[in-house]
Amino acid sequence: MGARITGMGSYLPPKTITNADLERLIHTSSKWIVQRTGIKTRHHLNSDDDPAIMGIEAGRDALSQAGVSPNEIDLLLVATNFPDMICPGSAPFIAAGLDLDQTPFFDIKAGCSGFVYGLVVANGLIHSGGFQRILLVGTEALSRVTDWADRKTCVLFGDGAGAVLLEGAAPGEGILGSALHADNDKALLLYLPAGGTKFPATESTVKNGDHYLKMEGAGVYRSAVPMMESSTREAVAVAGLHLSDIDWLIPHQANIRIIHSLARRLHLDKDQVIINVDHAANTSTASIPIALDEAARAGRIKHGDLVVMTAFGAGVTYGAVLIQI
Ligand code: UT7
């Protein structure tokens, strides 16, 4: 027995930042941002907002959609790259907000592929028979690690969270195939240097901006499409299916050009690809569950549909999961 999704939820903070807002802050243009990325707006937390609120709201939505109460969950998994605190992470704060009592929790850090990795972890744990209901949250407060002096990155990211409740599936339902991969040679394509144990916080790390996210955009771009293409093909093959069987593709929402190029290489119709990068920007681990929840609530993705979710990100990690909704 593997896992199926029985509830979904998402949360985007109410404050939106438009490209025109960014034009007033930094040397950029809305035209450049839309042409290069497809992004028109992104959502940001206010500076005094608690980041945990996003995962709590998304998790609550997913539980209420499934009609499951918090004390019926066996495990909370939180995929995030920029936790509320380096220790103890994000999961305990989301668990507290959801009123989970003694439920175990842990964070998963696997770059923007964290949600896809989380699906595979949850599927394995449910398959093992040790867990019946796992709440998987992808949440990211990227505005808190954005360098506003770096126009190559600051226009790209947004805050948000998405969640799914996973429960046991009958054979032939739920997660049907998956593929996870990584390439450690590319670890420094996307990273946040300081604040960990390698470069603890000092006056000079703060002065140098080493607590902000750094990215070699072109390098990430070059790797992203082949990585998501190969893992999508592999996940579909593992399930014994063909790309022509797939109803929907939900790629990590990093850049519209990456998404279109992936769809072309997979010979999928543009209408089969779920896209929300235009209004949510890149929310890292949250991008796939937010896009999934939005598409399901809009009546596009329906019960029984075959959906491939694929991502790539810091590490670098990449992978795909094929799931029947
Ligand atoms: O979650 C995974 C994480 N990241 C990604 O998926 C990002 C993948 N990479 C990308 O999406 C693209 O590489 C970017 C959108 C980040 C950049 O697009 P690009 O086509 O690779 O641009 P570039 O970095 O080669 O820069 C081209 C030009 C440069 O000007 P010059 O040197 O040619 O005069 C940049 O300085 O665009 C300039 N530029 C900007 N101009 C206006 C860079 N950022 C901006 C900006 N506004 N915000």
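The values are calculated or read from the model by the stated rules, or taken from the named source; none is laboratory data. Not measured: the values here are computed from a predicted model. As a convention, Cβ positions derive from the backbone with ideal geometry for all residues, glycine included, and neighbour counts pool all protein chains shown. Heads up: the accessible areas ignore ligands, DNA and RNA and are worked out on the full protein's heavy atoms, side chains in. Shrake-Rupley method; radii C 1.70, N 1.55, O 1.52, S 1.80 Å.
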Check: Any idea which of Val307, Val316 is among the aliphatic types (A, V, I, L, M) and open to solvent by less than 10 Å² (accessible area, probe 1.4 Å)?
Finding: Val307
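Got at least one residue in region 59-72 being assigned to a helix (DSSP H, G or I), over 27 Å from Phe105 (Cα atoms) and in the same structural domain as Thr103 (by TED's automatic domain parsing)? Even if it seems obvious, please write down each step before you answer.
Taking region 59-72 first, the residues assigned to a helix (DSSP H, G or I) are 59-66, 70-72.
Right, trim to over 27 Å from Phe105 (Cα atoms) and you get none.
No, region 59-72 has no match at all.
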Checklist line | Selection within region 271-304 - on the phi > 0 side of the Ramachandran plot, within 14 Å of the ligand (Cβ to nearest atom) and either over 10 Å from the mean Cα position of the chain (by Cα) or open to solvent by 30 Å² or more (accessible area, probe 1.4 Å) (or both) | finding: Ala281
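Taking region 224-270, which residues are assigned to a helix (DSSP H, G or I), in contact with an Asp or Glu (Cβ under 7 Å, 6 or more places away or on another chain) and surrounded by fewer than 20 Cβ atoms within 10 Å (Cβ to Cβ)? Quick ask: steps written out before the conclusion?
Our first condition is that a residue be assigned to a helix (DSSP H, G or I); within region 224-270, this holds for 224-238, 243-245, 256-265, 270.
Now drop any that are not in contact with an Asp or Glu (Cβ under 7 Å, 6 or more places away or on another chain), which leaves 262, 265.
Arg265, the sole residue that qualifies.
Of all residues in region 181-217, which are within 10 Å of the ligand (Cβ to nearest atom) and open to solvent by less than 60 Å² (accessible area, probe 1.4 Å)?
So in region 181-217, the residues within 10 Å of the ligand (Cβ to nearest atom) come out as 189-190, 213, 215-217.
Passing the criteria: Leu189, Leu190, Leu213, Met215, Gly217.
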Note to self: Just the residues that are closer than 24 Å to Ser64 by Cα and either assigned by TED's automatic domain parsing to the domain that holds Leu189 or modelled with pLDDT of 95 or more (or both), please, taken from region 100-116.
What the structure shows: Leu100, Thr103, Pro104, Phe105, Phe106, Asp107, Ile108, Gly114, Phe115, Val116
Notebook entry, point to check: With Leu142, Leu156 as the choices, which residue is among the aliphatic types (A, V, I, L, M), in contact (Cβ under 8 Å) with a residue 40 or more places away in the chain and open to solvent by less than 20 Å² (accessible area, probe 1.4 Å)?
Noted result: Leu142
